[in-house]
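The values are calculated or read from the model by the stated rules, or taken from the named source; none is laboratory data. Predicted model only: the values in this text are computed from it and were never measured. For neighbour counting, all protein chains shown are included, and Cβ atoms are generated from backbone atoms with ideal geometry for every residue, glycine included. Please note that ligands, DNA and RNA were not included when accessible areas were found on the heavy atoms of the full protein model with its side chains. Shrake-Rupley method; radii C 1.70, N 1.55, O 1.52, S 1.80 Å.
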Amino acid sequence: MPREWDARTYDSLPLPHLGWGLRTLGRLPLRGDERVLDAGCGTGRDTEGLLDRLPSGRVVAVDGSVRMLDQLRERLACRLDRVDVVHADLTRPLPFDGTVDAVFSVAAFHWIEDHDALFASLASRMRAGARLVSDCGGRGNIAAVNAAVAEVRGAAPGGWEFAGVADTERRLAAAGFTDVEVRLRPDPARFEPGEQLESFLATVILGPDLDRLPAEEHEPFVKAVAARLAEPVVDYVRLEISAVRA
Ligand SMILES: C[S@@+](CC[C@H](N)C(=O)[O-])C[C@H]1O[C@@H](n2cnc3c(N)ncnc32)[C@H](O)[C@@H]1O
(Lines give C-alpha, C1' and ligand atoms only; values in the text may rest on other atoms or scores of the structure.)
Protein backbone atom coordinates (compact mmCIF):
# COMPACT_ATOMS: atom_id res chain seq x y z
CA MET A 1 0.00 0.00 0.00
CA PRO A 2 1.09 3.63 -0.47
CA ARG A 3 2.62 5.58 2.44
CA GLU A 4 0.65 7.08 5.33
CA TRP A 5 -0.05 10.82 5.63
CA ASP A 6 -0.36 13.25 8.57
CA ALA A 7 -3.99 13.99 7.68
CA ARG A 8 -4.73 16.51 10.47
CA THR A 9 -1.73 18.70 9.69
CA TYR A 10 -2.55 18.36 5.98
CA ASP A 11 -6.02 19.83 6.53
CA SER A 12 -4.65 22.68 8.66
CA LEU A 13 -2.36 23.95 5.86
CA PRO A 14 -3.07 26.69 3.29
CA LEU A 15 -3.26 24.15 0.45
CA PRO A 16 -3.00 25.24 -3.21
CA HIS A 17 -4.90 21.95 -3.66
CA LEU A 18 -8.08 23.87 -2.85
CA GLY A 19 -7.82 25.87 -6.08
CA TRP A 20 -6.77 22.81 -8.06
CA GLY A 21 -9.83 20.97 -6.72
CA LEU A 22 -12.24 23.75 -7.69
CA ARG A 23 -10.65 24.04 -11.11
CA THR A 24 -10.93 20.28 -11.68
CA LEU A 25 -14.53 20.18 -10.44
CA GLY A 26 -15.27 22.94 -12.97
CA ARG A 27 -14.03 20.67 -15.78
CA LEU A 28 -16.41 17.79 -14.91
CA PRO A 29 -19.92 18.09 -16.41
CA LEU A 30 -22.46 16.36 -14.11
CA ARG A 31 -26.26 15.89 -14.18
CA GLY A 32 -26.45 15.24 -10.46
CA ASP A 33 -27.39 11.55 -10.28
CA GLU A 34 -24.09 9.93 -11.27
CA ARG A 35 -21.70 7.68 -9.37
CA VAL A 36 -18.26 9.35 -9.35
CA LEU A 37 -14.92 7.91 -8.24
CA ASP A 38 -12.68 10.36 -6.32
CA ALA A 39 -9.30 8.72 -6.96
CA GLY A 40 -6.79 9.57 -4.20
CA CYS A 41 -9.52 11.46 -2.31
CA GLY A 42 -7.32 12.22 0.72
CA THR A 43 -9.28 13.93 3.51
CA GLY A 44 -12.37 14.38 1.34
CA ARG A 45 -12.35 18.12 0.61
CA ASP A 46 -13.30 17.54 -3.04
CA THR A 47 -15.45 14.49 -2.20
CA GLU A 48 -17.60 17.06 -0.36
CA GLY A 49 -17.61 19.33 -3.41
CA LEU A 50 -18.65 16.38 -5.56
CA LEU A 51 -21.51 15.48 -3.18
CA ASP A 52 -22.78 19.08 -3.43
CA ARG A 53 -22.99 18.62 -7.20
CA LEU A 54 -24.57 15.14 -6.94
CA PRO A 55 -27.84 15.67 -5.04
CA SER A 56 -29.07 12.22 -6.08
CA GLY A 57 -25.72 10.62 -6.87
CA ARG A 58 -22.91 8.89 -4.99
CA VAL A 59 -19.14 9.12 -4.59
CA VAL A 60 -16.70 6.22 -4.34
CA ALA A 61 -13.84 7.72 -2.30
CA VAL A 62 -10.64 5.70 -2.79
CA ASP A 63 -7.33 6.34 -1.04
CA GLY A 64 -4.31 4.32 0.07
CA SER A 65 -3.89 6.11 3.42
CA VAL A 66 -5.94 4.98 6.42
CA ARG A 67 -5.37 8.28 8.21
CA MET A 68 -6.55 10.34 5.22
CA LEU A 69 -9.72 8.21 5.06
CA ASP A 70 -10.33 8.56 8.83
CA GLN A 71 -10.20 12.33 8.39
CA LEU A 72 -12.60 12.05 5.42
CA ARG A 73 -15.07 10.06 7.54
CA GLU A 74 -14.95 12.81 10.20
CA ARG A 75 -15.41 15.58 7.62
CA LEU A 76 -18.34 13.82 5.92
CA ALA A 77 -19.88 12.19 9.02
CA CYS A 78 -23.40 13.42 8.13
CA ARG A 79 -23.17 12.44 4.46
CA LEU A 80 -21.56 9.00 4.52
CA ASP A 81 -24.81 7.37 3.35
CA ARG A 82 -23.88 8.57 -0.16
CA VAL A 83 -20.16 7.72 0.02
CA ASP A 84 -18.42 4.36 -0.43
CA VAL A 85 -15.11 4.76 1.42
CA VAL A 86 -12.52 2.37 -0.03
CA HIS A 87 -8.98 1.79 1.25
CA ALA A 88 -7.08 0.61 -1.82
CA ASP A 89 -4.09 1.04 -4.08
CA LEU A 90 -5.26 2.71 -7.31
CA THR A 91 -2.89 0.59 -9.43
CA ARG A 92 -4.50 -2.68 -8.23
CA PRO A 93 -7.94 -4.14 -9.02
CA LEU A 94 -10.31 -1.78 -7.19
CA PRO A 95 -12.38 -3.49 -4.47
CA PHE A 96 -15.85 -2.00 -5.02
CA ASP A 97 -18.90 -3.23 -6.92
CA GLY A 98 -19.95 -2.09 -10.36
CA THR A 99 -18.72 0.75 -12.54
CA VAL A 100 -18.63 4.53 -12.22
CA ASP A 101 -19.96 7.29 -14.49
CA ALA A 102 -16.90 9.52 -14.00
CA VAL A 103 -13.47 9.61 -12.38
CA PHE A 104 -12.18 12.74 -10.63
CA SER A 105 -8.72 13.15 -9.12
CA VAL A 106 -6.63 15.97 -7.64
CA ALA A 107 -2.94 15.92 -6.69
CA ALA A 108 -2.73 12.14 -6.51
CA PHE A 109 -1.54 10.58 -9.79
CA HIS A 110 2.08 11.84 -9.55
CA TRP A 111 2.44 9.82 -6.32
CA ILE A 112 1.98 6.72 -8.48
CA GLU A 113 4.98 5.72 -10.60
CA ASP A 114 3.20 3.24 -12.89
CA HIS A 115 0.70 5.33 -14.88
CA ASP A 116 0.02 2.46 -17.30
CA ALA A 117 -1.25 0.35 -14.38
CA LEU A 118 -3.14 3.33 -12.93
CA PHE A 119 -5.03 4.15 -16.15
CA ALA A 120 -5.77 0.46 -16.82
CA SER A 121 -7.15 0.05 -13.30
CA LEU A 122 -9.36 3.16 -13.59
CA ALA A 123 -10.55 2.24 -17.11
CA SER A 124 -11.64 -1.21 -15.90
CA ARG A 125 -14.13 0.44 -13.47
CA MET A 126 -15.51 3.12 -15.84
CA ARG A 127 -18.62 2.52 -17.96
CA ALA A 128 -18.25 3.24 -21.69
CA GLY A 129 -18.53 7.01 -22.17
CA ALA A 130 -17.46 7.83 -18.59
CA ARG A 131 -15.20 10.88 -18.29
CA LEU A 132 -11.90 11.16 -16.42
CA VAL A 133 -10.84 14.63 -15.21
CA SER A 134 -7.69 14.98 -13.18
CA ASP A 135 -4.98 17.28 -11.90
CA CYS A 136 -1.54 16.19 -10.73
CA GLY A 137 2.10 17.23 -10.82
CA GLY A 138 3.47 17.17 -14.38
CA ARG A 139 6.77 17.43 -16.23
CA GLY A 140 9.00 20.02 -14.49
CA ASN A 141 6.93 20.00 -11.27
CA ILE A 142 8.77 21.27 -8.15
CA ALA A 143 12.12 21.28 -9.98
CA ALA A 144 13.56 24.02 -7.74
CA VAL A 145 12.42 22.25 -4.55
CA ASN A 146 13.88 18.98 -5.80
CA ALA A 147 17.20 20.72 -6.62
CA ALA A 148 17.30 21.95 -3.00
CA VAL A 149 16.50 18.44 -1.73
CA ALA A 150 19.23 16.96 -3.94
CA GLU A 151 21.77 19.42 -2.46
CA VAL A 152 20.78 18.49 1.09
CA ARG A 153 20.62 14.71 0.70
CA GLY A 154 23.35 14.41 -1.95
CA ALA A 155 21.09 12.54 -4.38
CA ALA A 156 18.04 13.42 -6.48
CA PRO A 157 14.71 12.57 -4.81
CA GLY A 158 12.55 10.00 -6.60
CA GLY A 159 9.33 8.09 -6.24
CA TRP A 160 7.13 10.43 -8.30
CA GLU A 161 5.97 10.35 -11.91
CA PHE A 162 5.84 13.92 -13.23
CA ALA A 163 4.56 12.90 -16.65
CA GLY A 164 4.59 15.00 -19.83
CA VAL A 165 1.81 15.54 -22.36
CA ALA A 166 2.90 13.09 -25.09
CA ASP A 167 3.57 10.20 -22.66
CA THR A 168 0.22 10.75 -20.99
CA GLU A 169 -1.68 10.90 -24.29
CA ARG A 170 -0.04 7.62 -25.34
CA ARG A 171 -0.76 5.89 -22.02
CA LEU A 172 -4.41 7.01 -22.00
CA ALA A 173 -4.94 5.78 -25.56
CA ALA A 174 -3.34 2.42 -24.65
CA ALA A 175 -5.69 2.09 -21.66
CA GLY A 176 -8.77 2.61 -23.87
CA PHE A 177 -9.49 6.35 -23.56
CA THR A 178 -10.61 8.67 -26.40
CA ASP A 179 -11.22 12.43 -26.65
CA VAL A 180 -7.96 12.86 -24.77
CA GLU A 181 -6.95 16.40 -23.77
CA VAL A 182 -3.77 16.87 -21.75
CA ARG A 183 -1.95 20.08 -20.86
CA LEU A 184 0.74 21.40 -18.54
CA ARG A 185 0.06 24.52 -16.45
CA PRO A 186 2.84 26.24 -14.42
CA ASP A 187 1.19 27.23 -11.12
CA PRO A 188 3.72 28.36 -8.46
CA ALA A 189 2.45 28.60 -4.86
CA ARG A 190 3.84 31.18 -2.41
CA PHE A 191 3.98 30.59 1.37
CA GLU A 192 4.95 32.65 4.39
CA PRO A 193 8.64 32.01 5.02
CA GLY A 194 9.48 30.03 8.17
CA GLU A 195 6.93 27.83 9.90
CA GLN A 196 4.23 27.88 7.20
CA LEU A 197 6.61 26.98 4.38
CA GLU A 198 8.41 24.35 6.47
CA SER A 199 5.18 22.71 7.66
CA PHE A 200 3.93 22.55 4.06
CA LEU A 201 7.18 21.05 2.79
CA ALA A 202 7.30 18.50 5.63
CA THR A 203 3.67 17.40 5.29
CA VAL A 204 3.06 17.49 1.54
CA ILE A 205 6.37 17.19 -0.33
CA LEU A 206 9.13 15.78 1.85
CA GLY A 207 7.13 12.95 3.44
CA PRO A 208 8.94 10.12 1.63
CA ASP A 209 12.34 11.60 2.56
CA LEU A 210 11.33 12.07 6.20
CA ASP A 211 9.97 8.49 6.35
CA ARG A 212 13.57 7.34 5.78
CA LEU A 213 15.13 9.58 8.46
CA PRO A 214 15.12 9.24 12.28
CA ALA A 215 12.69 11.70 13.94
CA GLU A 216 15.44 13.95 15.35
CA GLU A 217 16.70 14.66 11.80
CA HIS A 218 13.32 15.74 10.39
CA GLU A 219 13.40 19.40 11.46
CA PRO A 220 17.02 20.11 10.39
CA PHE A 221 16.35 18.40 7.03
CA VAL A 222 13.24 20.48 6.32
CA LYS A 223 14.95 23.72 7.42
CA ALA A 224 17.96 22.97 5.22
CA VAL A 225 15.73 22.46 2.17
CA ALA A 226 13.69 25.63 2.89
CA ALA A 227 16.89 27.65 3.35
CA ARG A 228 18.09 26.67 -0.12
CA LEU A 229 14.99 28.03 -1.90
CA ALA A 230 15.56 31.46 -3.46
CA GLU A 231 11.96 32.41 -2.47
CA PRO A 232 9.28 30.80 -0.24
CA VAL A 233 7.69 29.43 -3.39
CA VAL A 234 6.90 25.88 -4.50
CA ASP A 235 7.29 25.78 -8.29
CA TYR A 236 4.30 23.64 -9.14
CA VAL A 237 3.53 22.56 -12.73
CA ARG A 238 0.14 20.88 -13.06
CA LEU A 239 -0.73 18.13 -15.55
CA GLU A 240 -4.44 18.42 -16.40
CA ILE A 241 -6.23 15.52 -18.08
CA SER A 242 -9.67 15.18 -19.60
CA ALA A 243 -10.50 11.92 -21.39
CA VAL A 244 -13.44 9.61 -22.11
CA ARG A 245 -13.59 5.83 -21.63
CA ALA A 246 -14.19 4.37 -25.09
C1 LIG B 1 -1.55 15.22 -1.94
S2 LIG B 1 -2.75 14.06 -1.46
C3 LIG B 1 -4.17 14.70 -2.34
C4 LIG B 1 -5.43 14.35 -1.63
C5 LIG B 1 -6.70 15.07 -2.16
N6 LIG B 1 -7.06 14.61 -3.48
C7 LIG B 1 -6.49 16.56 -2.13
O8 LIG B 1 -6.47 17.19 -3.20
O9 LIG B 1 -6.33 17.11 -1.03
C10 LIG B 1 -2.36 12.60 -2.39
C11 LIG B 1 -3.24 11.43 -2.02
O12 LIG B 1 -3.02 10.37 -2.93
C13 LIG B 1 -3.07 9.15 -2.20
N14 LIG B 1 -2.35 8.12 -2.94
C15 LIG B 1 -1.06 8.14 -3.35
N16 LIG B 1 -0.74 7.00 -3.99
C17 LIG B 1 -1.86 6.23 -3.99
C18 LIG B 1 -2.19 4.93 -4.49
N19 LIG B 1 -1.29 4.19 -5.15
N20 LIG B 1 -3.43 4.46 -4.28
C21 LIG B 1 -4.36 5.19 -3.62
N22 LIG B 1 -4.11 6.42 -3.12
C23 LIG B 1 -2.89 6.94 -3.30
C24 LIG B 1 -2.39 9.51 -0.88
O25 LIG B 1 -2.68 8.57 0.13
C26 LIG B 1 -2.94 10.89 -0.62
O27 LIG B 1 -4.11 10.88 0.14
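Some notes on this structure:
- Being within 12 Å of the ligand (Cβ to nearest atom) and free of Cβ contacts under 8 Å to residues at least 40 places away in the same chain is a description that applies to Arg92.
- Arg183 vs. criteria in a strand (DSSP E or B) and open to solvent by 30 Å² or more (accessible area, probe 1.4 Å): yes
- Test for Thr47: is it within 30 Å of Ser199 (Cβ to Cβ), in a helix (DSSP H, G or I) and touching an Asp or Glu at 6+ places or on another chain (Cβ under 7 Å): yes
- Of the residues making up segment 129-148, those that are closer than 16 Å to Thr178 by Cα and touching a Ser or Thr at 6+ places or on another chain (Cβ under 9 Å) number 5.
- Qualifying residue in segment 149-165 (condition: out of contact with any Cys (no Cβ under 9 Å at 6 or more places or on another chain), surrounded by 18 or more Cβ atoms within 10 Å (Cβ to Cβ) and within 21 Å of Ser105 (Cα to Cα)): yes
- Helices (runs of 4 or more DSSP H) (entirely within segment 193-246) containing at least 2 residues that are modelled with pLDDT under 95 and acidic (Asp, Glu): 207-211
- Test: residue in segment 57-78 that is in a loop (DSSP other than H, G, I, E, B), touching a residue at least 40 places away in the same chain (Cβ under 8 Å) and within 9 Å of the ligand (Cβ to nearest atom): yes
- Selection within segment 4-16 - within 10 Å of the ligand (Cβ to nearest atom) and open to solvent by 60 Å² or more (accessible area, probe 1.4 Å): Glu4
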